[in-house]
Amino acid sequence: MKSYLISFILIVSSQTLGQSYSSQRASLKTAGLLERRGDIDGAIAIYKGILDNDPGHHSSIQKLKSIYMNYQRYDEGIKFLRGRLAKESNNIKIYAELGEFHYLNDQQKEAAAVWSKGLSKFKNNRSVYRIMVSIYGKYGLDDDLNTILKKGRKRFGQAFLSYESGVYYQARRIYDKAMDQFILHLIHEPNQNGVIERRILLMSDQEDALPIIEKKLINASKQRPGKVLNILSGFHFKQQDYQKAYEVKSEWSSLGKKDLNEWLTFANDLRKERQYKHSINAYNYILEKKIDGNFAGKVLLGLAQTFEDQIVPANEQDLIPYFFDNNIFFEDPFQIYSSISRDHLSSSLELYDSMLVSLKKSPLLAEAYFKLGEIKYRILQDFDQAYMLFNRALKNNPDKKLRLKIILRISDVLIARGQSKEALGFLKRQLKQNPIPSIELKKILVHFLIDDPDSTIQIVNESMFNISPLDGSFNDLMELKNFLTKYYSTNDEDKVAFTHFLKAEHYLRQKKIGDAIRELVYINTELKSSKIIPLTNLRLSLLYYRLKDFDNALKFAFSLDKTEFADKGIILSGQIYENKILDIEKALVQYMRILDEYPSSIFSEPIRYHIRDIKQLES
């Protein structure tokens, strides 16, 4: 019987409670509707009615305070809050809000008295100081703010609320005081330097704040260099004064600060900003320390990436594709521009190489060896060193994607060393393990360079049956087949000319540009009736262009008139006039020839846009 009674009471209570919650939700919805319609008194009555039944109903309390504040019904708000204070005498927030209502009601003395009482009552509670700093800041009560900060710092430490007050002064554009507070925080709360640094750098977006920030940081760094110099370096970096940023960072480190992760971030950021000299110096600084493992691998990759970022393929600066661009069978891997100082590069590579030798096991080791090999191959043309480095990369368990890159590059190096037959054997062994189209294409390239064209055509035909037309390499094969079919014929002179052309392509792969030009010039002078003459002259013009021999480049470009490459020759001559000889008028004359004489050329539209861009720049 007893248990039945208890169950009955619980059921009735839960039903009553459910009805109460449902009723409150309906009442709140009605009050919100009345408020939106402008019936403020009706809304207030509903909220008060809810509080009569449930005095602690949080949502109704907040709604009432918001209405009294927003509609400037300060007297009612004061009365309401005093009633709440009588019930919740230990509620810090009510003291702050009550004082705020008095202040807005032009009752400054009453406001000060309430705030003072709250501060006295809760003097050992950090929250009351935080709340009051926010309120004093909100209404620009600087004297009161200073007073409360002094009191708080006597109790809780010299940096108490320095961040909050710094944000307040920053918002009011009082930059000197904001910096004083932020520096105070830096000195006494070093674990939160990142937050302060972001604040200072954000403030530096305001031009009038710059001299103040710099002066304050410099003065502070003299007194507390270990805690401020790194922030000063970040400031200089943001202002793009990278030299100063590097010098200050080095000064910071000379104090015994050896945060190499910090230096790695700095080096990476310099690289992203294309400050390659400083970036290389920063990576070298780290490499001079005793580091190993994965971290050392990251540093080496960063340094290698800095070198790599300065290698720009020459064809990126061309207006149009001139010579089988992006076709594996005709590309020149050495056609690059590099802004790297040879001396700087050599000294850095020595350090890089010594670190690689000292590293034992790192998942990044294979990639580090590969990147160094790329620099030796593409920039320095040190093929022996490159070959050794690529082989080391291959032996250090590269992932599948990197392994393929290494295999293809080893074959390139062997070709460059004049060991094309060894390259062919290497590729055939790799194909047995990995029948991948890109390796197959590289094998065909070697055949193309060293075999007779008939054999190459047969190999190309066989490969085209094994490679899907959807594969990107299929187009390269088609272009090669068309090239062979077009220029290698039964005519003896064509065959001889074709052989010399292939020799030139082979020499280019060995970085023997002079020998390549001699072969092409021989075709031009001794085999003038051969089909391949226009293509030979186009190749000669491009090679002289890369060698900065612009007179010869123009001579062979002009020789392409009335050939199938006439439009390319005209555009190339215009590009030389525009970018190298800096004669815009002559460049425009050439470009206009495309529109006037070759309107059906596939390059007419790009040239039309280019002409428009030039004229807009001139105007």
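The values are calculated or read from the model by the stated rules, or taken from the named source; none is laboratory data. As the structure is a prediction and not an experimental result, all values here were calculated from the model. Glycine also receives a Cβ, built like all others from the backbone with ideal geometry; neighbour counts cover every protein chain displayed.
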Considering residues of the stretch 463-480 that are surrounded by fewer than 17 Cβ atoms within 10 Å (Cβ to Cβ) and at pLDDT 85 or above only, the residue farthest from Asn326 (Cα to Cα) | Met478
Those residues that are modelled with pLDDT of 90 or more, under 11 Å from Met179 (Cα atoms) and buried (at least 20 other Cβ atoms within 10 Å of the Cβ), I need them from the stretch 214-234; list them, please.
-> Lys216, Leu217
In the stretch 456-502, the residues that are polar (S, T, N, Q), assigned to a helix (DSSP H, G or I) and within 16 Å of Ile439 (Cβ to Cβ) = Ser463, Asn466, Ser473
Helices (runs of 4 or more DSSP H) contained in the stretch 181-240 and holding at least 2 residues in contact with an Asp or Glu (Cβ under 8 Å, 6 or more places away or on another chain) = 210-223, 225-238
Which residues, counting only those in the stretch 170-180, are of a type in the set (A, V, I, L, M) and in a helix (DSSP H, G or I)?
-> Ala171, Ala178, Met179
Can we say Glu273 is surrounded by fewer than 16 Cβ atoms within 10 Å (Cβ to Cβ) and closer than 18 Å to Leu345 by Cβ?
-> no
Return a yes/no flag: does the stretch 493-502 have any residue that is touching an Asp or Glu at 6+ places or on another chain (Cβ under 6 Å) and buried (at least 18 other Cβ atoms within 10 Å of the Cβ).
-> yes
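Residues checked against (1) over 33 Å from the mean Cα position of the chain (by Cα); (2) modelled with pLDDT under 95:
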| position | (1), (2) |
| --- | --- |
| Leu560 | yes, no |
| Asn579 | no, yes |
| Gln590 | yes, no |
| Ile602 | yes, yes |
| Ile611 | no, yes |
| Gln616 | no, yes |
Among the listed residues Lys277, Lys298, which satisfies the condition of being within 19 Å of Ile379 (Cβ to Cβ), among the charged types (D, E, K, R), touching a residue at least 40 places away in the same chain (Cβ under 8 Å) and out of contact with any strand residue (DSSP E or B) (no Cβ under 9 Å at 6 or more places or on another chain)?
-> Lys277
Name the residue, out of Glu585, Glu519, that is closer than 26 Å to Leu484 by Cα and of a type in the set (D, E, K, R).
-> Glu519
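Residues are listed down the side, and each one gets a yes or a no for (1) surrounded by 13 or more Cβ atoms within 10 Å (Cβ to Cβ); (2) closer than 28 Å to Ile513 by Cα; (3) over 37 Å from the mean Cα position of the chain (by Cα):
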position	(1), (2), (3)
Gly574	yes, yes, no
Ala587	yes, yes, no
Pro599	no, no, yes
Glu605	no, no, no
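Every residue, every condition in (1) at pLDDT below 95; (2) buried (at least 16 other Cβ atoms within 10 Å of the Cβ), yes or no:
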| residue | (1), (2) |
| --- | --- |
| Pro363 | yes, no |
| Ala393 | yes, yes |
| Asp399 | yes, no |
| Arg409 | no, yes |
| Ile450 | yes, yes |
Name the pairs: first residue in the stretch 241-261 and under 17 Å from His278 (Cα atoms), second residue part of a loop (DSSP other than H, G, I, E, B), Cβ to Cβ under 8 Å, at least 6 apart or on different chains?
-> Tyr242/Glu273; Tyr242/Gln275; Leu260/Lys289; Leu260/Ile291
Wholly enclosed helices (runs of 4 or more DSSP H) of the stretch 42-125 bearing at least 1 residues more than 25 Å from Gly32 (Cβ to Cβ) = 74-87, 92-104, 108-121
If only one of Glu110, Glu164, Glu76 is touching a His at 6+ places or on another chain (Cβ under 8 Å), on the phi < 0 side of the Ramachandran plot and of a type in the set (D, E, K, R), which one is it?
-> Glu110
With (1) surrounded by 19 or more Cβ atoms within 10 Å (Cβ to Cβ); (2) under 38 Å from the mean Cα position of the chain (by Cα); (3) modelled with pLDDT under 95 as the list, and Gln433 as the residue in question, which single condition is left unmet?
-> (1)
How do the pairs read when you match residues in the stretch 568-592 that are touching a residue at least 24 places away in the same chain (Cβ under 8 Å) with residues anywhere that are acidic (Asp, Glu) and surrounded by 14 or more Cβ atoms within 10 Å (Cβ to Cβ), using Cβ under 6 Å and keeping only pairs 6 or more apart or on different chains?
-> Ala587/Glu578
